[in-house]
Amino acid sequence: MTRKTSFYYSFLVLPKAKREVIVAVWDFCRAVDDAVDLESDPVKARVALEEWRAEVARVFEGTPRTPQGVALKKLAAPFSLPRAEFDALVDGVGMDITPQRFRTFEELVPYCHRVASSVGLICAEIFGYRDPVVREYARDLGVALQLTNILRDVAVDFAQQRLYIPIDDMTRFGVSEDDIARECREAGAGVTSPAVRALLECQAKRAHEFFAKASRELPAAERRAVLAAEIMRAIYEETLRRIEAEGFDVFSRVIRVRRVTQARIAAGVLWDTTVGRSH
């Protein structure tokens, strides 16, 4: 795993064996995602994705054919990796092959579960836990992370004809797709439409709600076990705060947390979890 991912510093706190599993899972999931994101032809993307669906089956039932599948195969059983979540991920990635719109937030949630919560639930098994409520924490944290991604990447996604903001929200704030297109064209001038800013504020508020829900659900006794996920949560919450501080200008550039800041956040969460709470 490289420093290019926001998850880099969160996974550094894991023991070597667990880190190796996380890397294998990450590489597999990344390959599945790339099968769609890096292929502009929908027909070829579907063919590639179905091959990855078959590879999931081979990981759990047969002999994998890809380097990612081979690496995952030897770790799936020892760490009780849940096949259902890999299947869910493939389903979610498949939803991106053709541009689609979600009418309501309730329609968007299953997508978030498939492309993000599924990975969180896989990671939860790797981290280890005693209280099954950790699964609810992982599910809701996955939604929070994905909502943050959606807000951060509005312009990037729109350039690929994707828009994940629910239509009902856009209608409520009086925002059309033409308005989003205009903000993309005028990138650099800040968010020029008060209605667009209000729409994006709504999306941020919802992400904050899911971060808070996940935090409430996590038992104090399990916090050390899911330390890596807590670092991830803190880094993404900082991303969300920076988007807000920039006036929701997600059109001029992709707003990210600098590596040095990510490292500082990781160190802070590590200290608070392993030292601070013991005093």
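The values are calculated or read from the model by the stated rules, or taken from the named source; none is laboratory data. Owing to the predicted nature of the structure, the values given are computational and were not obtained by experimental measurement. Note that we place each Cβ from the backbone using ideal geometry, even for glycine, and neighbour counts take in every protein chain shown.
Yes or no: Arg242 in the same structural domain as Gln146 (by TED's automatic domain parsing), closer than 23 Å to Leu12 by Cβ and surrounded by fewer than 18 Cβ atoms within 10 Å (Cβ to Cβ)?
It is true that Arg242 is in the same structural domain as Gln146 (by TED's automatic domain parsing), closer than 23 Å to Leu12 by Cβ and surrounded by fewer than 18 Cβ atoms within 10 Å (Cβ to Cβ).
When the range 82-100 is filtered for residues that are aliphatic (A, V, I, L, M) and in a helix (DSSP H, G or I), the ones remaining, listed by number, are Ala84, Ala88, Leu89, Val90, Val93.
Scanning the range 17-75 for residues that are among the aromatic types (Phe, Trp, Tyr) and in contact with a Lys or Arg (Cβ under 8 Å, 6 or more places away or on another chain) yields a count of 1. Residue pairs whose Cβ atoms lie under 6 Å apart, sitting 6 or more positions apart in sequence or on different chains, and linking a residue in the range 247-268 that is assigned by TED's automatic domain parsing to the domain that holds Pro194 and within 18 Å of Ala155 (Cα to Cα) to a partner that is surrounded by fewer than 13 Cβ atoms within 10 Å (Cβ to Cβ) and at pLDDT below 90, are Ser252/Gly188. Checking each residue in the range 86-121 for being small (Gly, Ala, Ser) and either in the same structural domain as Gly69 (by TED's automatic domain parsing) or modelled with pLDDT under 95 (or both) picks out Ala88, Gly92, Gly94.
Looking only at residues of the range 163-192 that are part of a loop (DSSP other than H, G, I, E, B) and modelled with pLDDT of 95 or more, we find that the one that is nearest to the chain's Cα centre (by Cα) is Tyr164. Number of residues in the range 143-163 that are among the aromatic types (Phe, Trp, Tyr) and in contact with a Ser or Thr (Cβ under 8 Å, 6 or more places away or on another chain): the value is 0. When we screen Glu217, Glu186, Glu201 for residues that are within 30 Å of Val269 (Cα to Cα) and in contact (Cβ under 8 Å) with a residue 60 or more places away in the chain, the only hit is Glu217. Taking the range 22-62 as the range and being surrounded by fewer than 20 Cβ atoms within 10 Å (Cβ to Cβ) and either of a type in the set (Asp, Glu) or not in a helix (DSSP H, G or I) (or both) as the test, the residues that pass are Asp27, Asp33, Asp34, Asp37, Leu38, Glu39, Ser40, Asp41, Glu50, Glu51, Glu61, Gly62. Taken over the range 101-155, the criterion of being free of Cβ contacts under 8 Å to residues at least 40 places away in the same chain and outside any helix (DSSP H, G or I) is satisfied by Pro132 alone.
Here Ile126 qualifies as touching a Leu at 6+ places or on another chain (Cβ under 8 Å) and surrounded by fewer than 24 Cβ atoms within 10 Å (Cβ to Cβ).
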